[in-house]
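Just below is one structure, and these are the notes that go with it.
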Amino acid sequence: MSRGNRIVEVDTYIKKSPEFARPILIKLRTLFHKASPQIQETMKWGVPHFEYKGIVGSFAAFKHHVGFGFWKSKLLKDPQKLFGDDPKASMCSSKLTSIDGLPSDKVLLSYIKQAVDLNKHEVKVPVNKRRRDKLTAPDYFLAALKRNKKAAATYDGFSESNRRDYIEWLLDAKQDATRERRLKSALAWLAEGKPRNWKYMTQAK
């Protein structure tokens, strides 16, 4: 069911979210629609998304914080450093625990309008063709999978895109310590049957 550009599934998502999260989600939802009256709502991977000629952005409620972000964040100008120091981040770096933690309406509207404009003009995120054409799991990852049967079973059963998510995450680690932390997390999540981006696919209960 829908009411104009709003759907009842997003209403339900907000109502089932933790009490602290509801005002944040309502505010973000309002601003997405204010930035572009043509924005449409949809549910993907268990969380609300906002679309205009493709995905513009999304938000997700967790047990203790709210996250939100933009599909083409790496192409957005980020004067307010919403994505922290990671230009590849799709979710904003701050973990919101109250509505007071949100940037001003003016700032948020400017980011949303930027994201809408990218889709309007059909701007695509550049693909790293070298990595896309030739991407194999690093030896240390394969060796670790051999020692963890549950993780290996999940990885072997995953689609190519789900495997790629883990491989790219590990390969993007710039330091050994970061790589080790990511490897440990990857093995734990795989052992539980989780894809790399599981945090953004499931609403906190």
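The values are calculated or read from the model by the stated rules, or taken from the named source; none is laboratory data. Owing to the predicted nature of the structure, the values given are computational and were not obtained by experimental measurement. Quick reminder, even Gly has a Cβ in these numbers, built from the backbone with ideal geometry, and neighbours come from all protein chains shown. Just the protein is used for accessible areas: all its heavy atoms, side chains included, with ligands, DNA and RNA removed. Shrake-Rupley method; radii C 1.70, N 1.55, O 1.52, S 1.80 Å.
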Exercise for the section: Relative to the compact-globule scaling 2.2 N^0.38 Å, provide the ratio for the alpha-carbon radius of gyration of the range 1-71. Expected result: 1.01
Completion exercise
Read-out semi-axes √(5λ) of the Cα gyration tensor in Å, candidates (i) 27, 20, 14; (ii) 32, 20, 17; (iii) 36, 18, 17; calculated match is (ii)
Exercise for the section: Would you kindly give the portion of the calculated P(r) for the range 135-205 that falls above 16 Å, as a percent of all Cα pairs? Expected result: 44 percent
Practice task
Could you please state, rounded to a whole Å, how far the C-alpha centre of the range 151-198 is from the C-alpha centre of the range 51-117?
Solution key: 24 Å
Exercise for the section: Rank-order 161-174, 26-39, 49-62, 135-148 by packing density, defined as the average count of other C-beta atoms within 10 Å over each peptide's residues, highest first. Expected result: 49-62, 26-39, 161-174, 135-148
Practice task
Return one whole number: the accessible area per residue of the chain in Å², for a 1.4 Å probe.
Solution key: 60 Å²
Practice task
Keeping the other protein chains in place, figure out the carbon and sulfur percent of the accessible area of the chain, with a 1.4 Å probe.
Solution key: 51 percent
Practice task
Pop a pseudo-label 7 angstrom from the Cα along the beta-carbon direction at both M43 and E180 and give the gap in nm to one decimal.
Solution key: 4.2 nm
